[in-house]
Amino acid sequence: MTKPLLDVKDLRVTFHIRRDGDMPWALPRQLRAVGGVDFALKPGETLGIVGESGSGKSTLARALIGLAPATGRAEWIDGADLIGMTPRQMLKYRADIQMVFQDPLASLNPRMTVGQIIAEPLTTHHPGLKRDEVKTRVKEMMEKVGLLPNQINRYPHEFSGGQCQRIGIARALIVEPKLIICDEPVSALDVSIQAQVINLLIKLQKELGLALIFIAHDLAVVKHISDRVLVMYLGKVMEIASSDDLYANPQHPYTQALLSAVPIPDPVLEAEKSVVPLVGDLPSPMNPPSGCVFRTRCPRAQSACAEQVPALMGEGHQVACHFPGPLTEAEIAAVAAREARPVPA
Amino acid sequence: MVIEQAKMQSLASRMVEHEVKGRSPWADARKRFVRNKAAMAGLVILILVALFALFGAHFAAWSNEELDYNVMGQVRELGMPSIASGHYFGTDDLGRDVYARTVQGTGISLMVGIVGAAIAVIVGTLYGATAGYVGGRTDQIMMRTVDILMSIPYMFVLILLLVIFGRSIGMLFLGIGLISWLDMSRIVRGQTLTLKNREYIEAARATGVPSWKIVLRHIVPNLLGVVAVYATLLVPLMILTESFISFLGLGVQEPLTSWGALISEGAGTMNYGTLWQLAFPLFFFCITLFGFFFVGDGLRDALDPKDR
């Protein structure tokens, strides 16, 4: 077995929130955005991360590049722990881990030309490079991501959303990283442009042997691009499996609910498919449920779920659930009936 | 259809080779500014006033130090503005040429305004951007310091400074510079707080750009719109402050002069029929203030992101 490029163990991100009006000596309340995530990423592999809004996907990504305060371990391939590094130590690894952001236009400084934007990581990590060397490399990179190199002096507002995302990708790629974290890179784009950008990412990944962490809430997109998929809920991993396995054979009730919500582009099938309804809202990460965090909305929740936190178990296909397995029709019907009535508090 | 393939191809490759010049947000703003008639008029006025201050002395028949003994004592009858006598704007009570004095005063007043505003822009921008970007306790300490400095009645301190350390123009610059950056730093800090969590700042942090470079390269250029507007409105404020101090007799000292000092002198003799001593400095004072306000207004319209 090859050594993983990135081995994350028990990664936690907790924010300390002070409310207005709190006394200065009052303990700040804790918001647990990511509560103990484990996964390993092989070189050249694509890991998709899915989950609803507020499940801690983006915080996880930000923790990995040191933008959010984290505890735990994230071991890089050379044995270094990325968590808790000083900025100076981290600088060396920042060239290896780059990030592509969600909003293509907002992630580009409006007062800088495209050339300056793409060159920024390069000049930061290789300050000795000559001006025309930088320019040649920027132009090469623009060509690689499908931009005309003669547009190097243009400003971000002169480009479309898809082009801006290509600029963002070029900026991430110019320092030849080993891992790119894509934080919902296509959710702000039109469907046709989404396909272009995703295919560009796949193509570049093959060419350059990159590993990708691909965060999205569009399950179809994640299926298309990922080798493995990680399902998150309220800062916890629910299920990790290879993409084919997860989509064909989801074990965790939450994964099943998520997958059943994906629309099928066929009205007849769409009308007939059984949807697992999720009752209620995402609980507050300030006050997460005891035991399994999903139990408040789970159709199969039992008293054991409230008492013990389920561990992530299994080889290859890992599930964090006391009672994994496909939901039966009866269980789905029971949830549907529960949804019809107001939930007793 | 017959299209000359070779020609089309060379055209296409030429188009690709030629680097397209981008249209920067600054160029856009400049275009909007030029289209604004009031702002352009203000700018023209300011340029004319500046030229007057720089080159007006060459056209003066009298220097600002000479006394015209012929008119002394009969200023009301003989000292009125006339081309023939060389006193284009008349003379003051001592027989000095008001034209030459106005040129001199214009220069000094503009300098006070611009230096004051420049101090405010440089110190205020860097201070505010640092406080806003670093945040946390540093921000608290830096901004509370500003609050404390603001709560001191600055006119009182300025007057004390001038009384204790002597009335010199250097002291005046120092005093005005000390107070002018406070407001600016607050405005800049507020703007920085809104910019700091933008994704492009995050992208720069993720790639390891050092903090001071983020402030200078990403935050300050995006603040400059607000800063430019505020600076143009600050210049007249500085001029007004200096004029007020000079009006009190504490500011610029003889033989130097400024608009405030000239207006003060002119106002003193208003009742004796020598109105030109007041009118000419006041005229330049007013059009300059108008000019700055129009330009500031135009800049605000041109740089306002909501227009985009």
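The values are calculated or read from the model by the stated rules, or taken from the named source; none is laboratory data. Since the model is a prediction, treat every value here as computed from it, not as a measurement. In this analysis, Cβ positions are derived from the backbone assuming ideal geometry, glycine residues included, and neighbour counts consider all displayed protein chains. What goes into the accessible areas is simple: the full protein's heavy atoms, side chains included, and nothing from ligands, DNA or RNA. Shrake-Rupley method; radii C 1.70, N 1.55, O 1.52, S 1.80 Å.
Listed by chain and number, the lysines whose alpha-carbon sits under 22 Å from that of A:K206, ignoring those within fewer than 8 places in the same chain, are A:K3, A:K42, A:K139, A:K144, A:K178, A:K223. Distance distribution note for the range A:189-263: the fraction of Cα pairs above 19 angstrom is 38%. If a spin label sat at a point 7 angstrom from the Cα of A:L27 along the line to its beta carbon, the backbone N atoms of the range A:259-301 nearer than 19 Å would be those of A:285-291.
So which chymotrypsin sites (Phe, Trp or Tyr not before Pro) in the range B:54-110 end up in coil per DSSP with only 14 or fewer other C-beta atoms within 10 Å? Loop-located and lightly packed - B:Y69. Peptide A:149-161 has a mean of 4 when you count, residue by residue, the C-beta atoms of other protein chains within 10 Å of its C-beta. In plain terms, the C-alpha convex hull of the range B:79-205 casts an average shadow of 11.9 nm² when viewed from every direction.
If both residues of a DSSP beta bridge must be in the protein assembly as shown, then about 60% of such bridges are antiparallel. Residues whose amide H comes within less than 5 Å of that of A:Y233, counting only those at least five positions distant or on another chain, are A:M238 (H built at 1.01 Å from N in the peptide plane). By the rule of a C-alpha distance below 22 Å, with chain neighbours fewer than 8 residues away ignored, the lysines paired with B:K37 are B:K306. Here's how it looks for A:A74: its modeled amide H is under 5 Å from those of A:K9, A:L82, A:I83, which are all 5 or more places away or on a different chain.
Amide H contacts under 5 Å for A:V34: A:V13, restricted to partners 5 or more places along the chain or on a different chain, H placed in the peptide plane at 1.01 Å from N. Secondary structure note: in the range A:153-253, about 55% of the DSSP beta bridges are antiparallel.
For the pair A:D244 and A:N199, what calculated FRET efficiency results from E = 1/(1 + (r/R0)^6), where r is the Cβ-Cβ distance and R0 = 25 Å, to the nearest 0.05? According to the calculation, E is roughly 0.80.
Just to be sure I understand the rule: take each whole DSSP H helix in chain B, project its Cα atoms onto its long axis, keep it if the span is 20 Å or more and its mean Kyte-Doolittle hydropathy is at least 0.5. Which ones pass? Length and hydropathy pass: B:37-55, B:98-134, B:169-196, B:220-247, B:276-303. Normalised by the number of residues in the range B:1-123, the average gap of Cα pairs under 8 Å and 6 or more apart makes the relative contact order 19 percent. Using only alpha carbons, the protein assembly as shown has a radius of gyration to Kirkwood radius ratio (Rg to Rh) of 1.14. Peptide A:109-115 has a mean of 6 when you count, residue by residue, the C-beta atoms of other protein chains within 10 Å of its C-beta. Computed with a 1.4 angstrom probe on protein heavy atoms, the A-B interface buries about 2700 square angstrom of accessible area in total.
Rounded to the nearest 0.05, what FRET efficiency do B:E77 and B:L160 have when you use their Cβ-Cβ distance and R0 = 45 Å? So the FRET efficiency works out to roughly 0.55. Taking 0.36 nm per residue of separation and subtracting the current Cα-Cα distance, fully stretching the chain between B:L224 and B:F244 would add 4.3 nm. Using a cutoff of 8 angstrom between alpha carbon atoms and counting only pairs six or more residues apart, the relative contact order for the range B:115-193 works out to 60 percent. Across peptide B:18-26, the average count of Cβ atoms from other chains found within 10 Å of a residue's Cβ is 6.
In this simple spin-label approximation, A:R88 and A:T71 carry label points 7 Å from Cα along the Cα→Cβ vector, and these lie 2.6 nm apart. Given R0 = 22 Å, the distance between the Cβ atoms of A:L208 and B:K213 translates into a calculated FRET efficiency of 0.20. Here each label is just a point 7 Å from Cα along the line to Cβ, and for A:L269 and B:R167 those points are 9.1 nm apart. Within the range A:145-171, find all residues whose amide N lies under 11 Å from a label point positioned 7 Å from the Cα of B:E19 along Cα-to-beta-carbon. Only A:150-154 fall inside the zone, counting backbone N under 11 Å.
If a paramagnetic tag sat 7 Å from the Cα of A:T328 along the Cα-Cβ line, which residues of the range A:259-297 would have the backbone N under 19 Å from that point? Within reach of a label on A:T328: A:274-277.
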